[in-house]
Amino acid sequence: MKVTGFTFIKNAILYDYPVSEAIRSILPLCDDFVVAVGNSSDETRALIQAIDPSKIKIIDTVWDDSLREGGKVLAVETDKAFHAIDANSDWAFYIQGDEVIHEKYLGNIKSAMEKWKDDLNVDGLLFNYLHFYGSYDYVGGSPRWYSKEIRVIRNNKSIYSYRDAQGFRKGENEKLRVKPVEAWVYHYGWVKMPAAMQKKQESFAKLWHDEAWSEKNIIKADEFDYSNVDYLVPFKETHPEVMQKRIRDKNWKFDYDISKNKLSLKYRAKLFLQKNFGMNLEYKNYIIV
């Protein structure tokens, strides 16, 4: 069984992405790794190259800034990396620049890839998600956060990145058939120092909207306001080993009163059904087989 990891990244240092940690978290499962490195204004390329030159293949890309509708450029960059994977790989393991896999799940992932490798009815593996918010001490508890997504796909080039690169489709807009795997993706996209988070928000909006929309709708500030969140719960487990140094160096004091539940009536109802009856009413970009 051959496994190739793949991702895309641009300006990882400028916007404080833990992309090195993301890649290193799944590298033990990968025979090689393709990274589409966009035209960055920092030393992102050197950062990626230094991780493991023996395994990592860099594809230099230029982002098309005109592909703003729905964050389409992110899917285009994902596809560039995917299509650079050699034909002899069985699985392609996708990880985004702010996602990390805990080492305790690597055995489960490898077993699932081995189990379903020869079953062509299975297009990929479905992962669970934890979304950290504000600091490394809290995770989103609201149903507004997506709870599952595909992160391992068969090396079938009819598969492509969907919309803003959150998931995948194949052929004529067909959902992938997947098997769940007992593994969680730790999503750190909303964990940055407030000043860095504000810079990211102002920049990221331009991937979806034009300058006029961004000027009207994105608040200009020195720091991001983390208080506008509906519901968080404390995280009491351990973070992945590859994240330990970053957390020691960068974690900041985020004061959040967990008793202040700001969930809307709709999300309260969804959360009740989910907790008490196991009913997950979120949109599903996959078919479990």
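Here, each number is a calculation from the coordinates, and none is a lab measurement. Worth saying up front: this structure is predicted, and the values here are computed from it rather than measured. Methodologically, a virtual Cβ is constructed for each residue, glycine included, from the backbone with ideal geometry; neighbour enumeration extends over all protein chains shown.
A few remarks follow.
- Of all aspartates and glutamates in the structure, the ones whose alpha carbon falls short of 14 Å from that of Lys117, not counting any fewer than 8 places away in one chain, are Asp90.
- Long-range HN-HN contacts of Val152 with modeled amide H, under 5 Å: Tyr94, Leu125
- Spacing of the modelled spin labels on Glu103 and Tyr283, each 7 Å from Cα toward Cβ, amounts to 3.7 nm.
- With R₀ set to 41 Å, the beta-carbon distance separating Asp257 from Leu14 gives a calculated FRET efficiency near 0.80.
- 23 Å tail of the calculated P(r), the stretch 1-88, as % of Cα pairs: 19
- Note on Lys260: aspartates and glutamates with a C-alpha under 13 Å away, same-chain residues under 8 apart excluded, are Asp230.
- The Rg/Rh ratio of the chain, with both radii computed over alpha carbons and Rh defined as the Kirkwood radius, is 0.94.
- For Ser142, distant residues with modelled amide H under 5 Å away: Tyr231
- Taking the number of Cβ atoms within 10 Å of each Cβ as an exposure proxy, the fewest-first ranking of Trp252, Trp63 is Trp252, Trp63.
- Among 38-51, 140-153, the peptide with the highest mean count of other Cβ atoms within 10 Å heads the list, and the full ranking is 140-153, 38-51.
- Among the listed pairs Lys110/Lys179; Lys192/Lys220; Lys80/Lys284; Lys72/Lys148; Lys200/Lys275; Lys175/Lys200, those whose Cα-Cα separation exceeds 23 Å are Lys80/Lys284; Lys200/Lys275; Lys175/Lys200.
- Net charge of neighbours whose Cβ lies under 9 Å from the Cβ of Ala22, counting Lys and Arg as +1 and Asp and Glu as -1: -2
- Under 5 Å between amide hydrogens, built in the peptide plane, is the criterion, and for Lys2 it picks out Asp90, Trp91 among residues at least 5 positions away or on other chains.
- In Hz, Karplus ³J(HN,Hα) per residue of the stretch 127-132 (6.51, -1.76, 1.60; θ = phi - 60°; x = Gly, Pro): 10, 8, 10, 10, 10, 7
- Annotation: the residues Tyr256, Tyr138, sorted from fewest to most other C-beta atoms within 10 Å of their own C-beta, follow the order Tyr256, Tyr138.
- Choice from Asp16, Asp249, Asp222 showing the highest fluctuation, given a GNM over the chain with Cα pairs closer than 10 Å: Asp249
- Applying the Karplus relation 6.51 cos²θ - 1.76 cosθ + 1.60 with θ = phi - 60° to the stretch 60-75 yields 3J(HN,Hα) values of 7, 10, 10, 6, 8, 5, 7, 8, 8, 5, x, x, 4, 4, 5, 5 Hz, where x marks Gly and Pro.
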